[in-house]
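Below: one structure, written as structure tokens.
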Protein chains: 2
Amino acid sequence: MEETATSTECTAEAADDAELAFNVFSKACPSRRTLEDVTGRWGSLTLGGLYEGSLRFNELRRRVDGVSEKMLSQTLHSLERDGLVHREAQPTNPPRVDYELTPLGRDVAERLLSLIHFLEGRMPAVLQAQQSYDAERGAL
Amino acid sequence: MEETATSTECTAEAADDAELAFNVFSKACPSRRTLEDVTGRWGSLTLGGLYEGSLRFNELRRRVDGVSEKMLSQTLHSLERDGLVHREAQPTNPPRVDYELTPLGRDVAERLLSLIHFLEGRMPAVLQAQQSYDAERGAL
DNA sequence: CAGCATCCGTGATGATACTG
DNA sequence: CAGTATCATCACGGATGCTG
């Protein structure tokens, strides 16, 4: 199987250049799955929500406005599996479970929040662009 | 306007604190839609793919491995509407259309790529975490 | 080449009910 | 409280065919 210039390698071997080895632009690369876990609809908000400190399940649920129980649970499992979130369950009654970012998760969340905050700050410009776009389209 | 710790406002008014005004954690806030455009399955890869320079439709399609014509087209429209991508069509035959990031789009892509590259570099750790997680689960 | 229109499957998502 | 299980839906996304 030949590879042309734009193709992307994706192996765990080339340890000396991990960023190329796990290129997300390659369809089969596991890094793409992880990127989707992180940037997914609820993944980004969950990581962002946990950045300030550990939260219990329902605290987090209230923080991430609109997420269902099921989706939050599912998202947390994915993120825990990826090693980004740590789950601390205390066998008390009623049960108490705390979720917190791992060091790796914090690094990810930091970059995510940089994007989020930037976007929030530029929303006026985005909204204006949307209006221009819609106006031109509607006028046709 | 008083704010308690967890509540989130979402108006275009409070121009002095845009980041709070467009809080993405609020369900109804337009910033969440935009965040999804940017971090969505194809949005992030499209923005990342355009970071190095402008590309034609099919060039971009080859770069973002696995994206369908329809999804790329749709993604580009969303990003163009948000003011992140500029579409330059030349009325030649055969048609030539170039897509490039706007200044705003570049800023977004920069932050996105920071996240992507970090993730790519940490994939060994992520993969290992996944194996541990799966091993514990399978053993039960 | 650069798309749009259409059909259509399936997986993501949300609502509801139930458990420890 | 902290979830799991089940079901219904519906939008996402792929394949195909067509246009300029």
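Under unit Cβ charges (Lys, Arg +1; Asp, Glu -1), what dipole magnitude, rounded to 20 debye, does the stretch B:50-121 have relative to its Cα centre? Intermediate results must be reported in sequence, preceding the final value.
Working: 10 positive and 12 negative charges, 46 e Å.
With Lys and Arg at +1 and Asp and Glu at -1, about 220 debye.
Averaging Cα coordinates gives a centre for the stretch A:60-122 and one for the stretch B:106-136; these two points are 15 Å apart. With all protein chains in place and a 1.4 Å probe, the accessible surface of the stretch A:51-120 carries 44 percent carbon and sulfur. Copy-to-copy label distances for B:S68, where each label lies 7 Å from Cα along Cα-to-Cβ, are 2.4 nm in order of increasing length. Straight Cα distances below 21 angstrom link B:K27 to the lysines A:K70, with same-chain residues fewer than 8 positions distant left out. Closest approach of any chain B Cβ to the axis that rotates B onto A belongs to B:T39, 2, distance given in whole Å. For B:R56, the residues whose amide H sits under 5 Å from its own are B:Y99, ignoring neighbours fewer than 5 places away on the same chain, with H placed 1.01 Å from N. If you take the square roots of the eigenvalues of the alpha-carbon gyration tensor of the protein assembly as shown and sort them as a ≥ b ≥ c, do you get rounded (a/c under 1.5), prolate (a/b over b/c) or oblate? Judged from the Cα gyration tensor, the protein assembly as shown comes out oblate (a/c at least 1.5, b/c at or above a/b). Using θ = phi - 60° in the Karplus curve 6.51 cos²θ - 1.76 cosθ + 1.60, the 3J(HN,Hα) couplings for the stretch A:76-91 round to 5, 4, 4, 5, 5, 4, 6, x, 9, 10, 10, 9, 10, 9, 10, x Hz; x is entered for Gly and Pro.
Suppose every K and R has +1 on its Cβ and every D and E has -1 on its Cβ; what is the size of the dipole of the stretch A:12-140 about the Cα centre, in Debye to the nearest 20? The partial results should precede the final answer.
Values: 16 positive and 20 negative charges, 107 e Å.
In total the dipole reaches around 520 debye.
Computed with a 1.4 angstrom probe on protein heavy atoms, the A-B interface buries about 5200 square angstrom of accessible area in total. For chain B, the Kirkwood hydrodynamic radius from C-alpha pairs, put into Stokes-Einstein at 20 °C and a viscosity of 1.002 mPa s, yields a diffusion coefficient of 121 µm² per second. A Gaussian network model of chain B, with springs between Cα atoms under 10 Å, assigns the largest mean-square fluctuation among B:V126, B:V64, B:V24 to B:V126. Once the Cα-Cα distance is subtracted from the 0.36 nm per residue extended length, the B:R33 to B:R87 segment shows a gain of 17.3 nm. Comparing the stretch B:34-108 with the 2.2 N^0.38 Å rule of thumb, its C-alpha radius of gyration ratio is 1.01 (two decimals). Each Lys and Arg contributes +1 and each Asp and Glu -1, all at the Cβ; summed about the Cα centre of the protein assembly as shown, the dipole is approximately 880 debye.
The values are calculated or read from the model by the stated rules, or taken from the named source; none is laboratory data. What you see is a predicted model; the values in this text were computed from it and never measured. Note: ideal-geometry Cβ built from the backbone for every residue, glycine included; neighbour counts use all protein chains shown. Note: areas computed on protein heavy atoms with side chains; ligands, DNA, RNA excluded. Shrake-Rupley method; radii C 1.70, N 1.55, O 1.52, S 1.80 Å.
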